[in-house]
Amino acid sequence: MHAGIIFFLVILGSVLFHIFTPWYWTDIASNWGSMDDTITLTFWIGGGVFVAVCLFMVYCVFKFSYKEGRKAEYKPEDKKLERILTWATTLGVAALLAPGLIVWNQYVNVPKNALEIDVMAWQWGWQYRLPGEDGKLGTTKIVNINDNNPFGINLEDSNGKDDVMIQSDVINLKNNRPVKILLRSVDVLHNWYVPQFRAKMDAVPGVVTYYWFEPNKVGKYEVLCAEYCGVGHYAMRGGVIVQSEQDYENWLQGQQTFSELIVKQKKIELNETKLVKK
Amino acid sequence: MSEDFKDSKAIQAQSSETISSGAGSSSPDLDYVRPAEVGDQDLYHGHSFITKWVFCQDAKVIGVQYFCLATFTGIIGLILSWLMRLQLGYPEAAGFMTAEHYYQFVTMHGMIMVVYFLTALFLGGFGNYLIPLMVGARDMVFPYLNMVSFWMFFVAVGVLLASFFVPGGPTGSGWTLYPPQAILEGTPGSGMGIILMCVSLILFVAGFTMGGLNYLITVLQARTRGMTLMRMPLTVWGIFTATVLAMLAFPALLVGSLMMMLDKLLGTSFFMPTILKAGEVLEYGGGSPILFQHLFWFFGHPEVYIVALPAFGIISDLISVHSRKNIFGYRMMVWAIVIIGALSFFVWAHHMYVSGMNPWFGFFFATTTLIIAVPTAMKVYNWILTLWRGNIRMNTVMLWCLGFIVTFVNGGITGIFLGNVSVDVPLSDTYFVIAHFHMVMGIAPLMVIMGAVYHWFPLVTGKFLSEKLGKWHFWLTFLGAYSIYFPMHYLGFIGVPRRYFEMYDSPYMTSAVGMNEFISTAAFIVGAAQFILIYNIIKSLKIGKAAGKNPWQANSLEWLTPTVPPEHGNWGDRLPVVHRWAYDYSVPGAKEDFITQTTPPSEVTDSKVEKT
């Protein structure tokens, strides 16, 4: 009897905890409200099954606890009941799967007007690159990376010349404009994750992976690495600042392009050689 | 309530035929069982201490050896989890711990618990002890190989633990061992640590294959007369199917480990693309880190079921015995085990939705993953329907069973969150995942192990475990573990990522500090509660109540040996002959509420037993 009561309190406690928990989603700041909705649906259906199964179990404990001389029912099978349960479960599962797949379909199909951002990860940090006025990112290669070419842009690729380089772990985004995050890594796996945006994807050395979202709330957010990447994993943070269009353009003006960087580097080298000559 | 269910309506039977008293059927044909096709097995009987207890070829002793060694490594895993929780809950008290240590503990805890504790315990421990007894064999079919299997496991554990003492310490690459970080500087133990881990896994797989072949062939070839496949206890079905999975899945882990060792030692590039490290381009190129993930999870997902299926089987038997009722829907239970086993090879990439594999795979793997929920749910329904109208003994064994149902359903439901591809996106790599898999493949199987220990301890030792201590052990473990993992899901909702040595100042994480302290405290208590079991075992061995023969009044063969505990060879002069399934409890018309598998029909002619 006591056992039945305790099990009942555990179930009740779980439900109450879920209702009153102070720990829940961070306020969403992107278009992926549909993910939250799917989770809520799963909570209703799954939580319902959990409570129903456990309460049935508790009922059995109360009602059928051992009594000397009572005989249990002898009933090896009940085909009808088993069939009903199978179909009901299948239906429930389908009801969860369908919205899940629909949202995934949106997740893997990037809108055409999405702004591409090259997110480059290493142990342990981030930097970002935006396409210049041509709207195209230049191609890159890991072996090209050096002090003069921090992103490893292929020098013969003219698309790369006007790329905007943000050598900082904080990136600015335009509010209400979809972004396509293009992830690459120069060493191990990483994952560029902002809890408020819900979305994430691993950065894998050797390939470029992607995902997209549309920030819809102005503000500052923290970037976390969400794929274990060695001993500095927990400290691999970054930042995102979502801004209005005007603020964003102002910020963008102040950033350096690849050709500007090359010019700057050349000047420095020239000065150095002059110094040596003197 | 004094209701009696024997008068309930006629039942859709296992088969159309019902043996009843009315037919005047005392003809000798009634008890006919097909004669054996092969002769009795010759066994090697040990004579010295070494051959009897150390290099022993008796599956029962090997089972106990597996059990003890797995428990020993499990305790190491437990201590590592304490250290991790100390860091997460009370970082100021864990000043001695660096991030390197933390990641090494995380890794070793995970690998130990999944492979060297749960797998070894269920298949090596319970498999060895129970399979020959439950199918009515004298021993495993290859006793010598079986002995070697255990000692390979012993060496594998030795190599694994040796990695604590090599320069650089054990690997800290996470139990998934993902390259490239696993073998690069920047991850603790990327030198000797990862090599020893791979060697240990290879040894484990080799040793396990020896044991696994034994289990399979014993079940297929050495069942006694009358023990048809559809009369086997579900425990045997679970272990058997899990072993088939292991035989097919472990090779993927083996080659994964081998290829990674080659990458590390010989400079091949199976998993290593071009890598820039500390400003220098390494001498790798062209490999695929995702290939390793495919290999790992092609092993890793069936591995979940390698642990779960024996647990499913054992729990079915425990619930049935202690509810004094046949397991509901036996045939569906068998097919569910087989179908889950088969499907488990088509779901592995649900661990990789955000790994950077081709995103279109998500559709396929989400669908297969949610399909597997259907047979799993059927099993849950059948467990609770077995309780329904039973005569439930509320003893310690049953408590563990009920605890299993709660934790397993909870963990199964959160599995539907994570399996449903787009729901997984915000939750993957967060504490939600940790809570999910600990609930479903940590706590739930642990409940089964404990239930099984309290259930079969009288068989192995002839003594009962103390019920009083058992109940303390159960409630501390169940309530404690539930309060560790249930709230932990909500850390995942906040977005707290896994494998973080320190959370520090993120605003939405600082709100979780209180919860982390609570979880850690609960973890210390649950861990300590496990030592109640060890005390209980030692105490009961000394002064426990004698159990006698078949103390639970069970039907299956392991309780029907001529001596208790069973001797080497199990059955004395004559092998048992089986006349029915293992679940004839509370048969209407029968004198007792159980009819053992060896009871011939002519002895229970007045009962309305369904023919199985």
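Quick note: the coordinates plus some simple rules give every number you see, no bench work behind them. Quantities reported herein were computed from a predicted structural model and do not represent experimental measurements. Because the Cβ atoms are built from the backbone with ideal geometry, glycine has one as well, and the counts that use them run over all protein chains shown.
Worth pointing out:
- Residue-averaged 222 nm ellipticity for chain A, from DSSP H runs of 4+ at -39500 (n - 2.57), nearest 500: -14000 deg cm²/dmol
- Expressed to the nearest 5 percent, the antiparallel share of DSSP beta bridges inside chain A is 70 percent.
- Calculated [θ] (222 nm, deg cm²/dmol) that DSSP helices of n ≥ 4 give over chain B, each run adding -39,500 (n - 2.57): -18500 deg cm²/dmol
- Peptide A:6-15 is shielded by partner chain Cβ atoms: per residue, an average of 3 of them sit within 10 Å of its Cβ.
- Distance from region B:530-573 to region A:73-102 (C-alpha centre basis), Å: 39
- The alpha-carbon atoms of region B:52-232 define a convex hull whose volume equals 123 cubic angstrom per residue.
- Region A:115-271: antiparallel DSSP beta bridges as a percent of all, rounded to 5: 70
- Of all DSSP beta bridges in the protein assembly as shown, antiparallel share, percent nearest 5: 70
- Violating pairs (Cα-Cα greater than 22 angstrom) within the set A:LYS174/A:LYS266; B:LYS60/B:LYS379; A:LYS75/B:LYS471; B:LYS325/B:LYS608: A:LYS174/A:LYS266; B:LYS60/B:LYS379; A:LYS75/B:LYS471
- Residue-averaged beta-carbon neighbours from other chains (10 angstrom radius) around B:372-379: 4
- Summed side-chain charge close to B:LEU309 - residues other than B:LEU309 whose Cβ falls under 15 Å, Lys, Arg +1, Asp, Glu -1: -1
- Residue of A:ASP118, A:ASP78, A:ASP247 that the Gaussian network model of chain A assigns the largest fluctuation, springs spanning Cα pairs under 10 Å: A:ASP78
- Of the DSSP H helices in chain B, those whose Cα atoms cover at least 30 Å axially and whose Kyte score averages 0.0 or more: B:59-89, B:192-221, B:234-265, B:289-323, B:361-387, B:396-419, B:467-494, B:513-543
- Excluding same-chain neighbours fewer than eight residues apart, the lysines reachable from B:LYS468 by a Cα-Cα span under 24 Å are A:LYS63, A:LYS67, B:LYS539, B:LYS542, B:LYS545, B:LYS549.
- Span-like helix ranges in chain A, DSSP H, alpha carbon extent 27 angstrom or more, Kyte mean at least 0.0: A:33-64, A:79-108
- Region B:279-308 versus region B:431-485: alpha-carbon centroid distance in Å: 32
- GNM top mover of A:ASN159, A:ASN175, A:ASN148 - chain A, alpha-carbon springs below 10 Å: A:ASN148
- Cross-link partners of A:LYS141 among lysines, defined as those whose alpha carbon lies under 18 angstrom from its own and excluding same-chain residues fewer than eight positions apart: A:LYS161, B:LYS277.
- Counting Cβ atoms of other protein chains within 10 Å of each residue's Cβ and taking the mean over peptide A:83-95 gives 4.
- Computed across the protein assembly as shown, the Kirkwood radius stands at 29.3 Å (inverse of mean 1/r, all Cα pairs).
- Global geometry of region A:115-271, whether rounded, prolate or oblate, following the gyration tensor of its Cα atoms and the 1.5 cut on a/c: oblate
- Region B:574-612 and region A:112-154 have their alpha-carbon centroids 75 Å apart.
- Peptide packing: for B:482-488, B:585-591, the average count of neighbouring Cβ atoms within 10 Å per residue gives the ranking B:482-488, B:585-591, highest mean first.
- By average C-beta atoms within 10 angstrom, highest first, the peptides B:273-279, B:420-426: B:420-426, B:273-279
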